[in-house]
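The values are calculated or read from the model by the stated rules, or taken from the named source; none is laboratory data. Model, not experiment: these values are computed from the prediction. Quick reminder, even Gly has a Cβ in these numbers, built from the backbone with ideal geometry, and neighbours come from all protein chains shown.
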Amino acid sequence: MDIVIAEYMKTRPQRDLHLDSGFRAWAVIHVRLFLFVGHDSEATAILNCFYLLSKSPEMLARVRQEHSSVFGTGASSAQEVLKGRPEIINQLPYTSAVIKETLRMFPPANGMRDGTFFPTEGLGIWIVQAAVHRNVK
Ligand code: HEM
């Protein structure tokens with residue numbers, strides 16, 4: 001919120017430096033949406049990655065090897081490398097595959113839609129992603 005408001009205030013005329021209530025209301029809604037919808041899904045996805053990797057030592061070794069070759073060795077080197085060259089994050093195909101496969105096996109989020117195919121007017125259709133992702137047909 002601090003960053004959003006500071007950037008917005010830079011666009012205000014100097015004589016009018018108070019926050020207007022319309023902007024404030026929408027900024028709070030959007031920032032809250034981003035924080036809440038992103039937080040739990042991310043945390044769950046990371047935990048599931050760790051869980052699955054703990055069951056597959058060979059895959060864990062490959063992830064580590066990929067990270068070492070891209071970021072160098074040492075726990076803090078990734079942060080430094082990424083600060084200087086953020087695009088290097090795209091050079092982790094194996095890690096990316098692990099994340100995608102984890103999301104396929106244990107999707108941490110679902111979706112709700114209006115139904116049109118079956119007579120479901122007025123109902124919210126809850127999409128069971130885990131079943132869709134495991135359906136081989
Ligand atoms: C592994 C991480 C994540 C997963 C699996 C995930 C999954 C999803 C899914 C399935 C939807 C669609 C729900 C629907 O349309 O019914 C959605 C919507 C959304 N996600 Fe995520 N998400 C993740 C991370 C994040 C993060 C980090 C952010 C933001 C910081 C974010 C922001 C949003 C927003 C704004 C929407 C749209 C909400 C709306 O329809 O108004 N998500 N996400």
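A few points about this structure:
- Sole residue being closer than 20 Å to A45 by Cα and either free of Cβ contacts under 8 Å to residues at least 40 places away in the same chain or outside the structural domain of T44 (by TED's automatic domain parsing) (or both), chosen from T95, T102: T95
- Matching residues in segment 1-22 - criterion: being at pLDDT below 85 and assigned to a helix (DSSP H, G or I): D2, I3, V4, I5, A6, Y8, M9
- Residue-level analysis places A27 among those that are surrounded by 14 or more Cβ atoms within 10 Å (Cβ to Cβ), within 16 Å of the ligand (Cβ to nearest atom) and modelled with pLDDT under 90.
- Residues in segment 38-92 that are among the aliphatic types (A, V, I, L, M) and not in a helix (DSSP H, G or I): A75, L92.
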